[in-house]
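In what follows, a single structure is set out as structure tokens and then discussed.
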Amino acid sequence: MKFDIITIFPNIFDSYFNESILSRAQKKNLIDIDIHNLRNFADGKRKTVDDTPYGGGAGMIMKVEPIFNCVEAIKTKTKTRVILFSAKGKKYTQKDAEKLKKYDNLILVCGRYEGVDERVAENIADEEFSIGEYVLTGGEIPAMILVDSISRLIPKVLGNPQSLNEESFGNKNQGVKNKKQKVQNSKFEKEYPQYTKPEEFNNWKVPEILTNGNHKEIKKWREKHKRFYEK
């Protein structure tokens, strides 16, 4: 999969994408991440990418023309999806990650300042995402989150593929009953609690059942202690 990220601060991504799993995935050609400096697609000597809002108001708005020029320059004929990050976008979930991994190319537009000209959302982007009910200074962190969450779903990116089978948010709970024997509808699993060595620290002990080697009982314990969150 190819990720194209459009930003006015391209150096922000260097350290995160050049470490650990994402770095190895790029070296193995499992994913390709290209960062595009939006100013290279702006007109004029000053390469201006923002301007004052029509109707007045505080701050500056990112212009539509440079974003259009950049998307047109990098968009291919492959199966492509253009994503815009903004506070008013739909909340990004694991379900969206599963859907987006089916594309060949994702173009991620990182907003800044007081927002992005609405014509980008209306005419250029296929989807508009927010990563939570709070305001960030730009779309670069959401872009990292999206790249990370989708990349780990691509075959061979994770060292142990089994890791995906028991992760939080991975599987919708079907027919699991609570103590009152009522079916928990529209709930998703979160991962069970996990521990590692030492067995005791600061008088905090690992549950004994996890240390006895009885895999059948451990499996039952883990099922019992899975957590759920509402859809």
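The values are calculated or read from the model by the stated rules, or taken from the named source; none is laboratory data. These numbers come from a predicted model, not from an experiment. Note that we place each Cβ from the backbone using ideal geometry, even for glycine, and neighbour counts take in every protein chain shown.
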- Query: What are the residue pairs meeting all of these: first residue in segment 81-104, first residue at positive phi, second residue of a type outside the set (Lys, Arg), Cβ atoms under 9 Å, and 6 or more apart or on different chains?
  - Reply: none
- Message: Taking the criterion of being in a strand (DSSP E or B), closer than 23 Å to Lys102 by Cβ and touching a residue at least 12 places away in the same chain (Cβ under 8 Å), would at least one residue in segment 8-26 satisfy it?
- Response: no
- Message: I'm told Glu122 meets every condition in (1) among the acidic types (Asp, Glu); (2) free of Cβ contacts under 8 Å to residues at least 60 places away in the same chain; (3) in a loop (DSSP other than H, G, I, E, B) except one. Can you identify the failing condition by its number?
- Response: (3)
- Task: Test Ala73 against the stated conditions and say whether it is modelled with pLDDT under 95 and over 18 Å from Val147 (Cβ atoms).
- Result: no
- Message: Within segment 68-114, take every residue that is over 12 Å from the mean Cα position of the chain (by Cα) and polar (S, T, N, Q) and give me the one that is nearest to Arg152 (Cα to Cα).
- Response: Asn105
- Message: Quick check on segment 20-43: of everything there that is at pLDDT 95 or above and charged (D, E, K, R), which residue is farthest from Leu158 (Cα to Cα)?
- Response: Arg39
- Message: When you check Asp43 against the structure, is it farther than 26 Å from Ile150 by Cβ, in contact (Cβ under 8 Å) with a residue 12 or more places away in the chain and either touching a Leu at 6+ places or on another chain (Cβ under 9 Å) or in a loop (DSSP other than H, G, I, E, B) (or both), yes or no?
- Response: yes
- Query: What about Phe41, is it of a type in the set (A, V, I, L, M, F, W, C), assigned by TED's automatic domain parsing to the domain that holds Arg81 and closer than 21 Å to Leu100 by Cβ?
  - Reply: no
- Message: Here is a list: Leu158, Leu153. Which entry is part of a loop (DSSP other than H, G, I, E, B), within 15 Å of the chain's Cα centre (by Cα) and within 20 Å of Tyr16 (Cα to Cα)?
- Response: Leu153
- So how many residues does segment 16-67 have that are surrounded by fewer than 15 Cβ atoms within 10 Å (Cβ to Cβ), under 17 Å from the mean Cα position of the chain (by Cα) and of a type in the set (Ser, Thr, Tyr)? 2
- Looking at Ala97, is it within 16 Å of Ile150 (Cβ to Cβ) and either surrounded by 12 or more Cβ atoms within 10 Å (Cβ to Cβ) or β-branched (Val, Ile, Thr) (or both)? yes
